[in-house]
Amino acid sequence: MDWLALAFMQRALLAALLAGVTSPAIGAYIVQRRLSLLGDGLGHVAIAGVGLALATGTAPLPVAVVVAIGGAIVIELLRQSGKASADVAMAILFYGGLATGVLLAGLVGQGTGMLSNYLFGSLLTISEADLWLIGILAVVILAATVGLMPQLFAICTDEDFAHTAGLRVRAYNLLIVVLAAITVTVSMRTVGLLMVSALMVVPVATANNLLTGFRRAFVLALGLGVVAAIAGVVGSFYLNAPPGSMIVVITIVGFVLSLPLAGALRRSRRPVPVIEVTDPEPLPHEQTGVHADHVHGPDCGHLAVVHGDHIDYVHDGHRHAAHGAHYDEH
Amino acid sequence: MQLTDPVPVVRTEHLLVELGGLPILREVSIEVGVGDLTALMGGNGSGKTTLVRALLGLTPHQGGRVELFGTELGRFTDWRRIGYVPQRGAVNIKQATVAEVVTTGRLSLRRPFVPLNAADKARVADALEAVGLSDRSGQPFSELSGGQQQRVLIARALAGQAELLILDEPFAGVDLKVQASLATLIGELNASGATVLVVLHETGALEPLLGNCIVLREGRVVHTGPPPATTERYHEPPHPHRQPLLAGPIGDER
């Protein structure tokens, strides 16, 4: 644990914590809106900002923030225009951003070596000034994603209804992409611009597998994001690998593990009875075989169907209703 | 009621809506009075859903005028008075419980950064109770049946303080029994004071409750008043209301 005493590791861990908590916070809304690749596009645009900063000799983080926010506004206005050509325009914007960044960095002789610190994350390059800016931006992101949760949730689930509830839909949509752009730059130092989208999306997908409800999954996704980011930074210290790659691999391992777990959780959840409208015509009496060592009841685990004045239990494609000592087929 | 509040809840005058340069609604002038249960009917492509969307400002109109509660649509801000129930198929909610969906119905009354209060929670519980889904509040919305999802969307509209409920094809994709129970619910809501505007493909289970019917054909109002004897008449050739259309400039393509 001697790495805890290293100043650059302390800064990296703090930056990872902030990236891990903010990325899934905005990612929860982006996934709900089915815009999972938005973060990837914004990351490409932010690369232009890094290239610009390297070429002009300024600090990369503030320039990247400004460029990414500008790109986000253009993306959202293109999307709202609803034109078919908007899709192509976005692709041009994304690759234009990436190419511009690489080109500008190359022009001043920085090459892709320097740039790769920003593409895949780096433990060594986080300055104290960076950390302050990351901290301030993280507070803004968390305040908005938690404080405006009802509004943002409504916009992401049903835009038309949100409009009829009097929300300023366009403004909130713009807020979502701008927050995503800020999150991309917050995570740039630890996860890197090419992989930040994974930290926004994968912990949310994992949490959605494990829990029902937006709010509960939101909280779990933030926890998973923090664990992955911190573990990734520590792991990359020992393996001498870029932290972004470690963080993303850990989130994906978590997602894969959640798949069988989600199935088990779903089975263990007691099914809520289905209430069915009954036919006034009584069913013909059809007796089933004996249930050897099983008595149907509220806790038997079989799906219950409230069928008029009694309850049927569903198993193996049959619906069985208790009738005296035996069961009837319903 | 007319004496105390003569202003119609919904009013349009010579409404024109174009989508992609094509006129979808033309010269639509309708009124929905306070406390009415009005059906907006017509065949596929007649412009029913477009009209509802234009009334709510979801689709812009190119001509004419829309008034909600006596206020021109562009200046209308009192959204808490309106409860919109969209077509179930248009709502695709990935990760949310029934209670979370219904809680968004309180948004028109809430301020940003202020948490849910006890009154909000009580209204959400009441709304779920009214549609008979209290025991489902913690379940994922996406796992409910079509009829239950429709009820949740109605509960969401009820969770506010809506005086006008606008339902877009609530019977689409649900079987006859569920239609009957939804019709009973809509009737009860209307009886308890809500003005209801419901988009229907056919009168169906709501027929006995309907006070007023607005029938659209090819983007124009062809009938206003009590429900027509059979809906089929608006789709089949021998119908008196078709005469002006046959004689009119647009002719008849069938």
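Every read-out reported here was derived from the displayed coordinates using simple, explicitly stated rules and does not represent laboratory data. Owing to the predicted nature of the structure, the values given are computational and were not obtained by experimental measurement. We place every Cβ from the backbone using ideal geometry, glycine too, and count neighbours over all the protein chains shown.
Can you give the charge dipole size of the stretch B:36-88 about its Cα centre, rounded to the nearest 20 debye, using +1 on the beta carbon of Lys and Arg and -1 on the beta carbon of Asp and Glu? It would help to have the intermediate numbers written out before the result.
Details: 7 positive and 4 negative charges, 36 e Å.
I would put it at about 180 debye.
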GNM of chain A, Cα pairs under 10 angstrom: of A:Leu77, A:Leu14, A:Leu152, the biggest fluctuation goes to A:Leu77
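Set the Förster radius R0 to 56 Å, insert the Cβ-Cβ distance between A:Ala325 and B:Ala119 as r into 1/(1 + (r/R0)^6), and round the FRET efficiency to 0.05.
Numbers: r = 52 Å, r/R0 = 0.93.
With a Förster radius of 56 Å, E is 0.60.
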Which of A:Met200, A:Met90, A:Met246 moves most in a GNM of chain A, Cα contacts under 10 Å? A:Met90
Determine the percent antiparallel among the DSSP beta bridges restricted to chain A, to the nearest 5. 80
Dipole of the stretch B:10-247 [Lys/Arg +1, Asp/Glu -1 at C-beta], most positive-end residue of B:Thr195, B:Gly173, B:Gln62: B:Gln62
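Taking every DSSP beta bridge with both residues inside the protein assembly as shown, roughly what % is antiparallel (nearest 5)?
Working: 33 of 54 bridges.
Looking only at bridges with both residues in the protein assembly as shown, the antiparallel portion is about 60 percent.
Among all lysine pairs in the protein assembly as shown that are eight or more places apart or on different chains, how many have alpha carbons less than 26 angstrom apart? Kindly include the intermediate steps, with their values, before the conclusion.
Values: A:Lys83/B:Lys48; A:Lys83/B:Lys94; B:Lys48/B:Lys177; B:Lys94/B:Lys121.
Lysine pair count for the protein assembly as shown: 4.
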Take every DSSP beta bridge whose two residues both sit in the stretch B:10-247, then give the antiparallel share in percent to the nearest 5. 50
Dipole axis of chain A (+1 Lys, Arg; -1 Asp, Glu on Cβ), positive-most option in A:Leu211, A:His307, A:Val88: A:Val88
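What's the FRET efficiency of A:Leu239 with A:Val108 using the Cβ-Cβ distance as r and R₀ = 35 Å, to the nearest 0.05? Write out the running numbers ahead of the final one.
Details: r = 31 Å, r/R0 = 0.89.
Computed FRET efficiency for A:Leu239 and A:Val108: 0.65.
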Round to the nearest 10 and give me the degree value, 0 to 90, for the angle of helix A:243-268's Cα axis relative to the longest principal axis of chain A. 10
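For A:Arg168 and A:Asp299, compute 0.36 nm times the residue count separating them, minus their Cα-Cα distance, and round to one decimal in nm. It would help to have the intermediate numbers written out before the result.
Working: separation 131, 0.36 × 131 = 47.16 nm, distance 4.71 nm.
Separation in residues times 0.36 nm, less the Cα-Cα distance, equals 42.4 nm.
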Evaluated over the stretch B:10-247, the Cα radius of gyration and Dmax, each in Å: 18.1, 60
Taking the Cα centre of the stretch A:122-212 as origin and charging only Cβ (+1 Lys, Arg; -1 Asp, Glu), how large is the dipole, in debye to the nearest 20? 60
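Quick check on the exposure proxy: order A:Trp3, A:Trp132, B:Trp79 from fewest to most C-beta atoms within 10 angstrom. Numbers along the way, then the final one.
On the way: A:Trp3 15, A:Trp132 11, B:Trp79 21.
With the sparsest Cβ surroundings first, the list reads A:Trp132, A:Trp3, B:Trp79.
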Cα pairs beyond 43 Å in the protein assembly as shown, in percent, come to 36
In the stretch B:70-131, if the dipole is taken from +1 on Lys/Arg beta carbons and -1 on Asp/Glu beta carbons about the Cα centre, which of B:Tyr84, B:Val114, B:Val98 is farthest to the positive end? B:Val114
With a Förster radius of 41 Å, plug the Cβ-Cβ distance of A:Leu261 and A:Ala89 into 1/(1 + (r/R0)^6) and report the FRET value to the nearest 0.05. 0.50
Specify the residue with the greatest mean-square fluctuation among A:Ala207, A:Ala231, A:Ala68, computed from a Gaussian network of chain A linking alpha-carbon atoms under 10 Å apart. A:Ala231
Under 11 Å from the Cβ of A:Ala321, count the other residues' Cβ atoms, weight Lys and Arg +1, Asp and Glu -1, and hand me the total. -4
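If each residue of separation counts as 0.36 nm, what is the full-extension length gain between A:Thr56 and A:Leu37 once their alpha-carbon separation is subtracted?
On the way: separation 19, 0.36 × 19 = 6.84 nm, distance 2.99 nm.
3.8 nm is the gain from fully extending A:Thr56 to A:Leu37.
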Within the stretch B:15-56, the residues whose backbone N lies under 12 Å from a label point placed 7 Å from the Cα of A:Leu77 along the Cα-to-Cβ direction are none
Short version: what are the Cα gyration tensor semi-axes of the stretch B:1-136, square root of 5 times each eigenvalue, largest first, in whole Å? 30, 20, 15
Per-residue average of Cβ from other chains inside 10 Å of B:83-96: 5
Taking chain B and counting helices only, DSSP H stretches of n ≥ 4 at -39,500 (n - 2.57) each over all residues, the nearest-500 ellipticity at 222 nm comes to -7000 deg cm²/dmol
Nitroxide proxy distance, nm - points 7 Å out along Cα→Cβ at A:Val253 and A:Val139: 3.5
Once Rh for chain A is found with the Kirkwood sum over Cα pairs, what is the Stokes-Einstein diffusion coefficient at 37 °C and 0.692 mPa s, in µm²/s? 147
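Hey, got the dipole for the protein assembly as shown? About the Cα centre, +1 on K and R Cβ, -1 on D and E Cβ, debye to the nearest 20? Present the calculation step by step, with values, prior to reporting the outcome.
Numbers: 39 positive and 47 negative charges, 396 e Å.
Result for the protein assembly as shown is approximately 1900 debye, rounded to the nearest 20.
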Take the stretch A:2-197, compute every pairwise Cα distance, and split them into 10 Å bins from 0; I just need the percent in each bin. 10, 36, 34, 16, 4, 0
